[in-house]
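The values are calculated or read from the model by the stated rules, or taken from the named source; none is laboratory data. Being a predicted model, the structure only gives us computed values, none of them experimental. Note: ideal-geometry Cβ built from the backbone for every residue, glycine included; neighbour counts use all protein chains shown. Heads up: the accessible areas ignore ligands, DNA and RNA and are worked out on the full protein's heavy atoms, side chains in. Shrake-Rupley method; radii C 1.70, N 1.55, O 1.52, S 1.80 Å.
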Amino acid sequence: MALFTRIGLRRVANFVQSQAVSLAGLPSFVKVVEVGARDGLQNEKGLVPTPIKVGLVDLLSESGLTHIEVTSFVSPKWIPQMADNKEVLKNIKRKPGVVYSVLTPNLKGFKDAMASGVDEVAVFGAASEAFSNKNINCSIAESLKRFEDVMTAAKEANVKVRGYVSCVLGCPYEGYVQPSKVAEVAKSMFEMGCYEISLGDTIGVGTPGSMSAMLAEVSRVVPRQRLAVHCHDTYGQAVANIFAALMMGIQVVDSSVAGLGGCPYAKGASGNVSTEDVVYLLHGLNIKTGIDINKLLLASQYISENLKRPPSSKVALAKGVSHL
């Protein structure tokens with residue numbers, strides 16, 4: 001790899017630590033959920049070779065991340081990029097203390113995931129009827145009904161289930177989404193048994209104001225400690241929106257190494273907020289994550305080189321990560 005020097009790497013951590021300032025009202029620790037290997041790579045136009053995916057997950061495992069979403073068990077007809085899910089899970093080096101999760105939209109996917117030894121699964125819905133129909137070919141109510149079999153099987157297997165709600169701040173088909181609708185879907189998923197609800201700004205149209213308003217509504221029906229935010233950076237608002245969420249008491253943030261991702265059903269949506277940028281923000285606020293930003297940058301360099309394009313991460317670009 002054409003990597004920056006180890007001295008340069010050390011300077012990244014040293015600089016952000018020297019500038020760190022604590023602010024009242026912010027959490028002391030934030031869990032970062034890495035979604036790049038799944039939510040990021042599923043949006044690639046070409047198929048990423050299995051060994052590259054395995055290598056990425058292994059580097060992420062060494063960075064201090066405690067939760068990595070590895071792949072999804074969906075029909076390859078809809079997401080061909082994830083067709084190698086079993087091979088990826090078979091070949092990664094599992095690190096003690098790291099939760100390896102997958103997306104499972106139905107009972108078949110759940111059973112296949114269990115056979116591959118995953119630690120946790122996730123189901124996904126939407127706060128927009130139009131998006132739900134475009135994304136998973138059913139209404140919101142129908143999607144929630146589908147989850148029942150997964151939730152029952154997961155309870156029997158003593159496996160935790162995470163819930164995703166898409167389009168919480170806007171929809172590419174419906175436009176503005178009412179916070180009350182987001183709260184309704186989030187409440188349903190929480191009451192079904194999802195231990196954590198990740199609220200996704202799928203097309204990245206949110207601002208700190210709309211993020212705060214939505215979280216205020218949702219937190220009336222789901223405890224804030226059970227909520228996460230999942231931001232895309234289409235309009236450059238992701239880090240600001242995450243800061244607003246932190247001020248609202250949110251302690252879990254989804255992100256994607258190198259800013260990988262987008263949404264195949266949301267035209268114009270850019271990648272997820274990059275994990276490097278999120279960690280830089282959190283460490284700069286004296287919020288602990290357990291993540292070594294230097295090792296995270298190694299993972300960013302690795303996937304950027306293999307995809308042959310520069311990362312979307314501002315921190316990675318500032319520190320010389322390239323795709324050369």
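With respect to Glu62, determine if the residue is open to solvent by 60 Å² or more (accessible area, probe 1.4 Å) and either in contact with a Phe, Trp or Tyr (Cβ under 7 Å, 6 or more places away or on another chain) or closer than 18 Å to Gly36 by Cα (or both).
Details: open to solvent by 60 Å² or more (accessible area, probe 1.4 Å): yes; either in contact with a Phe, Trp or Tyr (Cβ under 7 Å, 6 or more places away or on another chain) or closer than 18 Å to Gly36 by Cα (or both): yes.
Against the criterion (open to solvent by 60 Å² or more (accessible area, probe 1.4 Å) and either in contact with a Phe, Trp or Tyr (Cβ under 7 Å, 6 or more places away or on another chain) or closer than 18 Å to Gly36 by Cα (or both)), Glu62 qualifies.
Restricting segment 155-177 to residues that are in contact (Cβ under 8 Å) with a residue 40 or more places away in the chain and more than 21 Å from the chain's Cα centre (by Cα), which is farthest from Val239 (Cα to Cα)?
Among them, the one singled out is Ala157.
Within segment 189-224, which residues are in contact with a Pro (Cβ under 9 Å, 6 or more places away or on another chain) and assigned to a helix (DSSP H, G or I)?
Within segment 189-224, Phe190, Ser210, Ala213, Met214, Leu215, Ala216, Glu217, Val218 qualify.
Within segment 119-128, count every residue that is more than 16 Å from Phe147 (Cβ to Cβ) and either open to solvent by 30 Å² or more (accessible area, probe 1.4 Å) or touching a Ser or Thr at 6+ places or on another chain (Cβ under 6 Å) (or both).
Going through segment 119-128 one residue at a time, the tally reaches 1.
Quick one: how many residues across segment 153-174 are open to solvent by 60 Å² or more (accessible area, probe 1.4 Å) and among the hydroxyl-bearing types (Ser, Thr, Tyr)?
First, pick out the residues of segment 153-174 that are open to solvent by 60 Å² or more (accessible area, probe 1.4 Å): 155-156, 158, 160, 173-174.
Applying the additional criterion that residues be among the hydroxyl-bearing types (Ser, Thr, Tyr) yields 173.
So the answer is 1.
Mind listing whichever residues of segment 138-168 are among the acidic types (Asp, Glu) and farther than 22 Å from Met114 by Cβ?
Glu142, the sole residue that qualifies.
Look through segment 133-152, keep the residues that are touching a residue at least 12 places away in the same chain (Cβ under 8 Å) and touching an Asp or Glu at 6+ places or on another chain (Cβ under 9 Å), and return whichever of them is least open to solvent (accessible area, probe 1.4 Å).
Ile140
Kindly indicate whether Val177 is modelled with pLDDT of 95 or more and open to solvent by 40 Å² or more (accessible area, probe 1.4 Å).
No; evaluated as a whole, the condition is false for this residue.
Do we have any residue at all in segment 270-293 that's part of a strand (DSSP E or B), modelled with pLDDT of 95 or more and open to solvent by 10 Å² or more (accessible area, probe 1.4 Å)?
There is at least one residue in segment 270-293 that is part of a strand (DSSP E or B), modelled with pLDDT of 95 or more and open to solvent by 10 Å² or more (accessible area, probe 1.4 Å).
Confirm whether Ala115 is over 21 Å from the mean Cα position of the chain (by Cα), open to solvent by 70 Å² or more (accessible area, probe 1.4 Å), among the aliphatic types (A, V, I, L, M) and more than 20 Å from Ala183 (Cβ to Cβ). Step through it out loud before you land on a result.
Values: over 21 Å from the mean Cα position of the chain (by Cα): yes; open to solvent by 70 Å² or more (accessible area, probe 1.4 Å): yes; among the aliphatic types (A, V, I, L, M): yes; more than 20 Å from Ala183 (Cβ to Cβ): yes.
Taking the combined requirement at face value, the residue satisfies it.
Taking the criterion of being of a type outside the set (Val, Ile, Thr) and either assigned to a loop (DSSP other than H, G, I, E, B) or modelled with pLDDT of 95 or more (or both), would at least one residue in segment 15-22 satisfy it?
yes
If the requirement is being open to solvent by 30 Å² or more (accessible area, probe 1.4 Å) and at pLDDT 95 or above, which of these qualifies: Thr71, Thr50, Thr104? Explain how you work it out, then say what you get.
Numbers: Thr71 fails: open to solvent by 30 Å² or more (accessible area, probe 1.4 Å); Thr104 fails: open to solvent by 30 Å² or more (accessible area, probe 1.4 Å).
Result: Thr50 is the single residue among Thr71, Thr50, Thr104 that is open to solvent by 30 Å² or more (accessible area, probe 1.4 Å) and at pLDDT 95 or above.
For segment 296-309, enumerate the residues that are more than 28 Å from Ala244 (Cβ to Cβ) and either open to solvent by 30 Å² or more (accessible area, probe 1.4 Å) or not aliphatic (A, V, I, L, M) (or both).
Listed by number, the residues that qualify are Leu298, Gln301, Tyr302, Ser304, Glu305, Asn306, Leu307, Lys308, Arg309.
Can you pull out the residues in segment 159-176 that are closer than 15 Å to Ile197 by Cβ and of a type in the set (Val, Ile, Thr)?
Val161, Val165, Val168
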